[in-house]
Amino acid sequence: MKRKLPKTYESPKRTKFAMELIKQQQTGNGTLADVYFRAGYHPKSRAVAKTNACMLKHHPEVKRILTAYKDILDEQLSPEVRAIKLAELALSEDKRVSLAALQEVNRIFDEYPAGKLKVAQFTEELTRLQE
């Protein structure tokens, strides 16, 4: 027998948490605990903030907002648009940006040697030597 869950109400703090989480994913700055604090929650410690943030990420309201954001991104950034942007970055004048983009291209095409398993490299070497 399945237990009925209570209806959830929309909370401004949960909405703010979801928006702060999206901002953190875009910029890469901060941790889940920082996002939890910026959303307006006041836990006793950072450990409690991190634990609560991990649980809050799985709340239906937060998941709905994150899913809507991902759907919007999928519409705006089709695979063709992403490939064109990656090619532009790989051919840019900035050496660091170009190197990072080329590493990503190599990873996508599975041509980056560091990504191969040592066993696979060993068997490839054996077959090359046998020929």
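Things to note:
- Near pairs, Cβ below 8 angstrom, 6+ apart or cross-chain, from region 17-40 (closer than 15 Å to LEU66 by Cα) to any residue that is among the small types (Gly, Ala, Ser): PHE17/ALA39; PHE17/ALA53; GLU20/ALA39; GLN24/GLY30; LEU32/ALA49; LEU32/ALA53; VAL35/ALA53
- Qualifying residues in region 21-63 (those that are touching a Leu at 6+ places or on another chain (Cβ under 9 Å) and aromatic (Phe, Trp, Tyr)) - the one surrounded by the most Cβ atoms within 10 Å (Cβ to Cβ): TYR36
- Restricting region 100-131 to residues that are at pLDDT 80 or above and open to solvent by 100 Å² or more (accessible area, probe 1.4 Å), the residue that is nearest to the chain's Cα centre (by Cα) is ARG128.
- Test: residue in region 74-89 that is polar (S, T, N, Q) and modelled with pLDDT under 90: yes
- Which listed residue is over 30 Å from LYS16 (Cα atoms) and assigned to a helix (DSSP H, G or I), from VAL119, VAL48, VAL62: VAL119
- In the set (1) buried (at least 16 other Cβ atoms within 10 Å of the Cβ); (2) at pLDDT below 90, ALA18 fails one condition alone, (2).
The values are calculated or read from the model by the stated rules, or taken from the named source; none is laboratory data. A quick note: this is a predicted structure, and the numbers were derived from the prediction, not measured. Because the Cβ atoms are built from the backbone with ideal geometry, glycine has one as well, and the counts that use them run over all protein chains shown. Just the protein is used for accessible areas: all its heavy atoms, side chains included, with ligands, DNA and RNA removed. Shrake-Rupley method; radii C 1.70, N 1.55, O 1.52, S 1.80 Å.
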